[in-house]
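The values are calculated or read from the model by the stated rules, or taken from the named source; none is laboratory data. Since we're looking at a predicted model, the values are computed, not measured. Ideal geometry is used to build each Cβ from the backbone, glycine not excepted, and the neighbour counts take in all protein chains shown.
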Amino acid sequence: MTDLAARTTRVVTPPKGRRRLPDGGGPRAGTITAFLLPFFLPFVLFYLVPVGYALWQSFRAVHRTGGQYGTSYTSFGGFEQYQKVFENTEFWSSIGRIGLFGVVQVPVMLFVALIMALLLDTPLLKLKSVFRMTAFMPYAVPGVIAAIMWSYLYSPQLSPVVDLLNGIGLDPDFLGPGAVLWSAANISTWLWTGYNMLIMYSALQSIPQELYEAAKLDGASNWAIAWRIKVPIIAPSIVLTTVFSIIGTLQLYAEPAVLRQISSNISSTFTPNMLAYAVASGNNYQQAAAISVVIAVITFVLSFGFMRLTSKRAGL
Amino acid sequence: MSNARVNRESRGSRTAAMALMLLLAIYFLLPIYFLIVAATKPQGDLATTNGLAFSHFNLFDNLRVLFTRSDGIFGRWAVNTVIYAVLGAAVGTLISALCGYALAKFRFRGREFLFSVILGGVLVPTTALALPLFLLFSATGIVNTYLAVFLPSIVSPFGVYLARIFANAAVPQELIESARLDGAGEFRTFFSVSFRLMTPALVTIFLFQFVAIWNNFFLPMVMLQKESLFPITLGLYQWNGQTARAPLLQQSVITGSLVSIVPVIIVFILLQRFWRTGLAAGSLK
């Protein structure tokens, strides 16, 4: 509305009489729009519209007139698609699988990242920048390529790791039915530990040193300073990395898809996203949309739930 | 006495800390080292020689095979990757910078509302958008074109979020005011004054968006059927799936993986200071 008003006054008054917005100072509404639009136009088209479209699709269903061989048409189907999602055992087993994955992998990864960040923040280590870079390097590797690299290390024919373990009398099967989920978890851990470590490390670096001077004078050990002072201060960063990890876990696709190429123990519906893709490939778009919406809702509930839980416990 | 105790404690913990970090460093380097070794071997040596030791040095031959296979399709994938990830991130950074700058420096009605919509967008995982985008794009006929991957890739709500923080921190309001008094238009001020002040921040935004596009496998996977449009990741994924029928492809998958990650790793190491500013800003919220 202000935009329109600004444009009309511009036509009437000469350019000198710049129309200012009510809250004073700053450029004309048209100029502001010109700054915002290059982002907002694609943002609306490729972010908001697809979200709305998925919701709309998920409430539609394919119906047929005149029995099995009649012509099909799509129309409003209410919660039909959602009911199908909730009755789909493959959906629940993919959620269960990914839940187990997340409950184990996320804490392990973040714990390792935290230990590394704390160690890098003490005077105990040498070669700090080398360690920091080494851990961060996997972040440059896309999930598909990381999974290809690791799949060679898992493969019984090619892997030097399997050879090594055979040498000491072990016979690991990284691609077996029980192990393959953890082999995928290892790829995620390898990829993201350094990134999470760097987030926590950056937060540690921004703590003023004086904060622990007093504790040091009182004879507190590095250990005590780390757990009693540093960790509570960087808690928001730890929460943030947890939320990102929860989101990432629920979206898992590339790594298991690559492992599926060499292991028969990964089904085409191994993760929720693989299921959504498989359903969409079968042209059942309405059902695929409903699955995507349910995954998104679960993601939101878990990440917001986690944030609420942690902020309550911190007494905020 | 307490000094001696502290010294003993710290020598013990020093050793333990170094040992742990070395172990982790080996873990992070192992797959990359394996890839380097494997990429130098002839196909026949992959299964028959120790995976961690070099054998016949065959890297140049492997590279030749990689780049000539199927009429040089790998080179095409590399060019496509540059278009999607480098060009996409550059365009994305520019539009994020304009928007974030406006949200930081201009006062207007609805500003906070727009910003919270963008923050909500940060939490929407890009994989969740791929399937509905595919349906929309098939209706408009741009599925299976460069645009189908490029256009969604330029949108980065996280980039706008960072740009707003950085613009607030790096561009003093007085500077904008004085440029205005000098009669400079807002765009001129942005490109000649603010842009320069925000450059380090923009490099950070560019890097984040580059990684996001480079990592986004699901979108091209859903959108593209034509091999000639694939980014490297999708191409290698397809080759990797064919190695059971065509075992000779294995060596090209390995060499191709190495060729594609080495330049990115080098750039990352050279630009590492930009990561830390971005990650620190990202964890402020």
**Prompt:** Filtering region A:196-217 down to residues that are in a helix (DSSP H, G or I) and of a type in the set (S, T, N, Q), which residue is farthest from A:Met137 (Cα to Cα)?
**Reply:** A:Gln205
**Item:** Filter result for the condition that a residue is among the hydrophobic types (A, V, I, L, M, F, W, C), more than 11 Å from chain A (Cβ to nearest Cβ) and within 18 Å of B:Ile265 (Cβ to Cβ), over B:Leu59, B:Leu30
**Value:** B:Leu59
**Prompt:** Given the residues B:Thr145, B:Thr199, which is the only one that is under 26 Å from the mean Cα position of the chain (by Cα), of a type in the set (Ser, Thr, Tyr) and under 17 Å from B:Ala90 (Cβ atoms)?
**Reply:** B:Thr199
**Qualifying residue in region A:58-69 (condition: buried (at least 18 other Cβ atoms within 10 Å of the Cβ) and within 10 Å of chain B (Cβ to nearest Cβ))** = yes
**Prompt:** Failed condition for A:Gly219, given (1) free of Cβ contacts under 8 Å to residues at least 60 places away in the same chain; (2) at negative phi, with all others met?
**Reply:** (2)
**Prompt:** Has region A:119-126 got any residue that is in contact (Cβ under 8 Å) with a residue 24 or more places away in the chain, surrounded by fewer than 20 Cβ atoms within 10 Å (Cβ to Cβ) and either at positive phi or within 7 Å of chain B (Cβ to nearest Cβ) (or both)?
**Reply:** yes
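Condition check ((1) in contact with a Gly (Cβ under 8 Å, 6 or more places away or on another chain); (2) within 8 Å of chain A (Cβ to nearest Cβ); (3) touching a residue at least 40 places away in the same chain (Cβ under 8 Å)) across all residues:
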| residue | (1), (2), (3) |
| --- | --- |
| B:Gly183 | no, no, no |
| B:Thr189 | no, no, no |
| B:Val193 | no, no, no |
| B:Leu202 | no, no, yes |
| B:Leu248 | no, no, yes |
| B:Leu271 | no, no, yes |
| B:Phe274 | no, no, yes |
| B:Leu279 | no, yes, no |
**Asked** What single numbered condition from (1) hydroxyl-bearing (Ser, Thr, Tyr); (2) at pLDDT below 90; (3) touching a helix residue (DSSP H, G or I) at 6+ places or on another chain (Cβ under 6 Å) fails to hold for A:Thr241?
**Response** (2)
**Request:** Please enumerate the residues belonging to region A:226-242 that are surrounded by fewer than 20 Cβ atoms within 10 Å (Cβ to Cβ) and within 8 Å of chain B (Cβ to nearest Cβ).
**Result:** A:Pro236
**Complete:** Selection over region A:41-52 where residues are facing chain B (nearest Cβ under 7 Å) and closer than 19 Å to B:Val91 by Cβ yields a count of 4
**Request:** Only residues in region B:29-40 that are in contact (Cβ under 8 Å) with a residue 12 or more places away in the chain count as the first member; pair them with residues that are crowded, with 21+ Cβ neighbours inside 10 Å and aromatic (Phe, Trp, Tyr), Cβ under 7 angstrom, at least 6 apart or cross-chain, and list the lot.
**Result:** B:Phe34/A:Tyr152; B:Ala38/A:Tyr152
**Complete:** Note: among B:Ser252, B:Ser257, just one is within 8 Å of chain A (Cβ to nearest Cβ) and surrounded by 23 or more Cβ atoms within 10 Å (Cβ to Cβ), namely B:Ser257
**Prompt:** Which residues, taken from region A:167-205, are closer than 21 Å to A:Pro256 by Cα, polar (S, T, N, Q) and within 12 Å of another protein chain (Cβ to nearest Cβ)?
**Reply:** A:Asn186, A:Thr189, A:Thr193
**Request:** Being β-branched (Val, Ile, Thr) and touching a helix residue (DSSP H, G or I) at 6+ places or on another chain (Cβ under 7 Å) is the filter; apply it to region B:106-133 and report the residue that is surrounded by the most Cβ atoms within 10 Å (Cβ to Cβ).
**Result:** B:Thr127
**Asked** Where in region A:226-316 are there helices (runs of 4 or more DSSP H), lying fully within it, with 3 or more residues that are aromatic (Phe, Trp, Tyr)?
**Response** A:285-313
**Message:** For region B:26-58, give me each residue that is within 17 Å of A:Val112 (Cα to Cα) and surrounded by fewer than 17 Cβ atoms within 10 Å (Cβ to Cβ).
**Reply:** B:Ile26, B:Leu29
**Item:** Set A:Val51, A:Val44: member being out of contact with any helix residue (DSSP H, G or I) (no Cβ under 8 Å at 6 or more places or on another chain), under 17 Å from B:Pro132 (Cα atoms) and not polar (S, T, N, Q)
**Value:** A:Val44
**Item:** Which listed residue, of A:Tyr154, A:Tyr212, is touching a helix residue (DSSP H, G or I) at 6+ places or on another chain (Cβ under 7 Å) and farther than 30 Å from B:Leu249 by Cα
**Value:** A:Tyr212
**Prompt:** What number of residues within region B:155-181 are of a type in the set (S, T, N, Q), outside any loop (DSSP other than H, G, I, E, B) and in contact (Cβ under 8 Å) with a residue 40 or more places away in the chain?
**Reply:** 2
